[in-house]
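Below: the structure, in structure tokens.
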Amino acid sequence: MELRADRFERQLASEPLRPAYLIAGTEPLIVQECADALRAKARAEGYLEREVLEVSGREFDWNDLTMGVASLSLFATRRLFDLRLPSGKPDKDGSKAITDFCDNPPPDTILMITCQDWSKKHAGKWSDAISRIGHVVTVWPVKTSELNDWLDRRLRSRGLSAEPAAVQLLAERIEG
């Protein structure tokens, strides 16, 4: 199921954790906040072991993910695999590893994939597989016409308020 970033935290609060999540987009702050929200919920539900895998070019061995997921945990019964895929495009082996995970997700294991680049051209069988068993959270850039409202909501969510002129000035200074 595809979700917008602004609805993700509400969705997390209203349902049990799913086996897989893809959080992708070109707004690093929002991608990070969505990933933080998922990690916090997982920790609260007893997913105490977290393994971070960074895909940095062709030298990444997708067997690290496959074997890690297949092995038993030494420290916790529930695990979160935090796969960082900056390009948003796994190679053929990566696509197969992710699809295989989604076809038969191990119990008490969550796969979270974060990408710093995303568009419709990045989608494929692997992201469709995630969507079938989990959520795909797309983070689109904040449009200039929406920036004032977005800033105002963020301020209010942190217990702050500002006059419309102050929000406008802030938007002019940070836009882009």
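Filtered by the rule that a residue be touching a strand residue (DSSP E or B) at 6+ places or on another chain (Cβ under 8 Å), closer than 19 Å to residue 102 by Cα and not in a strand (DSSP E or B), the range 1-34 gives 1, 17, 18, 19.
Looking at 83, 65 in this structure, which one is modelled with pLDDT of 85 or more, buried (at least 17 other Cβ atoms within 10 Å of the Cβ), assigned to a helix (DSSP H, G or I) and in contact with a strand residue (DSSP E or B) (Cβ under 7 Å, 6 or more places away or on another chain)? Give the derivation first.
Numbers: 83 fails: assigned to a helix (DSSP H, G or I).
From the options 83, 65, the qualifying one is 65.
Number of residues in the range 86-111 that are part of a strand (DSSP E or B) and either modelled with pLDDT under 90 or buried (at least 23 other Cβ atoms within 10 Å of the Cβ) (or both) equals 2. Residues in the range 68-80 that are open to solvent by 70 Å² or more (accessible area, probe 1.4 Å) and either at pLDDT 90 or above or part of a loop (DSSP other than H, G, I, E, B) (or both): 72, 74, 75, 77, 78.
Residue 160 fulfils the conditions (1) of a type outside the set (D, E, K, R); (2) closer than 20 Å to residue 5 by Cα; (3) without any contact (Cβ under 8 Å) to a residue 40 or more places away in the chain except for a single criterion, (2). Scan the range 50-59 and tell me whether some residue there is in contact with a strand residue (DSSP E or B) (Cβ under 7 Å, 6 or more places away or on another chain), open to solvent by 20 Å² or more (accessible area, probe 1.4 Å) and closer than 12 Å to residue 110 by Cβ. Within the range 50-59, one or more residues are in contact with a strand residue (DSSP E or B) (Cβ under 7 Å, 6 or more places away or on another chain), open to solvent by 20 Å² or more (accessible area, probe 1.4 Å) and closer than 12 Å to residue 110 by Cβ.
The values are calculated or read from the model by the stated rules, or taken from the named source; none is laboratory data. Treat the numbers as computed from the prediction; the structure is a model and nothing was measured. Cβ sites come from the backbone with ideal geometry, for glycine too, and all protein chains shown count toward neighbours. What goes into the accessible areas is simple: the full protein's heavy atoms, side chains included, and nothing from ligands, DNA or RNA. Shrake-Rupley method; radii C 1.70, N 1.55, O 1.52, S 1.80 Å.
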